[in-house]
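What follows is calculated from the coordinates using simple rules that are stated; it is not laboratory data. All of these numbers come straight from a predicted model, not from anything done at the bench. Cβ: placed from backbone, ideal geometry, glycine included. Neighbour counts: every protein chain shown.
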Amino acid sequence: MSLNIMIVEDQPYVAHATKLLLGGDPSIGVIETFTTADEVRGALAQGGETWGLILLDLVVPGAVGMSLAAHIRDCGLASTTCILTGTYKEEYVAAARRDGFRGYIPKAATTEAVVEGLRSILSGHRVFPPDEVPRGTAEMVILTPRQQAVMAMVGKGLTSKEIAKSLNLTPGTVDNHIQASVYALGAKNRAEATMRALALGLITLD
């Protein structure tokens, strides 16, 4: 069954770029863009169950703060909605977690992080920034669930081959996840990336 996607975005170039990021996935059906809160409310009133995934920018005409997100939540669609926005506030992220949203991806994250985040969302995962991040430093860091799993194993001293065997991946794929994590964390190497991931609460070594 195809996944119909609602993109809530009032900047045409951003909506177009998001469609391009999603393009090529055979599981995706209709992708439709809505540019105002009123358009979204109208579409949901006609049939919220139509949409398998909603990508929501918080800042569109007719929306203030989390108001449109709250309306979507009240429609019972939080679990199919990922907030994809340029607005980053810890209280918004916390509210999205609490209310059962699929994710919260800041547009200011790296392109790779946004792409990986969207892929994880499409795979059924929840994707959020860390709970507590020092302001003005790494507040936009996002690691996908797979990257978190790989980096946790790196932190435990496993080699790429050992990680690959454990996760049923190829060593090359493991190295790609490590490199993406190093880049997303602004680190110089895997050791530094592991330390930063630990400091941000993205991984644990339990």
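Measure nothing fancy, just the Cα-based angle from helix 12-22's long axis to the longest principal axis of the chain, in degrees from 0 to 90, nearest 10.
That helix lies at roughly 50 degrees to the long axis.
Could I have the simple spin-label model distance between Leu21 and Val115, label points 7 Å from Cα toward Cβ, reported in nm to one decimal?
Output for this residue pair reads 1.1 nm.
Calculate how steeply helix 190-199 sits against the longest principal axis of the alpha-carbon atoms of the chain, using the helix alpha-carbon long axis, and give the answer as 0 to 90 degrees to the nearest 10.
On a 0 to 90 degree scale, this one is about 60.
Between segment 142-198 and segment 13-80, what is the separation of their alpha carbon centroids in Å?
Each part's Cα centre sits 32 Å from the other's.
Can you run the Rg to Rh ratio on the chain? Use alpha carbon positions and the Kirkwood inverse-distance Rh.
On the way: Rg = 17.6 Å, Rh = 17.8 Å.
Using only Cα positions, Rg/Rh for the chain is 0.99.
Please give the direction-averaged projected area of the C-alpha convex hull for segment 1-96, in square nanometres with one decimal. Kindly include the intermediate steps, with their values, before the conclusion.
Details: hull surface 23.7 nm².
Mean projected area for segment 1-96: 5.9 nm², to one decimal.
If r is the Cβ-Cβ distance from Val64 to Lys161 and R0 is 41 Å, what FRET efficiency results, to the nearest 0.05? Please report the intermediate quantities before stating the final value.
Working: r = 52 Å, r/R0 = 1.26.
The pair Val64/Lys161 has a calculated efficiency of 0.20.
May I ask you to list the lysines whose Cα is less than 28 Å away from that of Lys161, ignoring any residue fewer than eight positions away on the same chain?
Lys188
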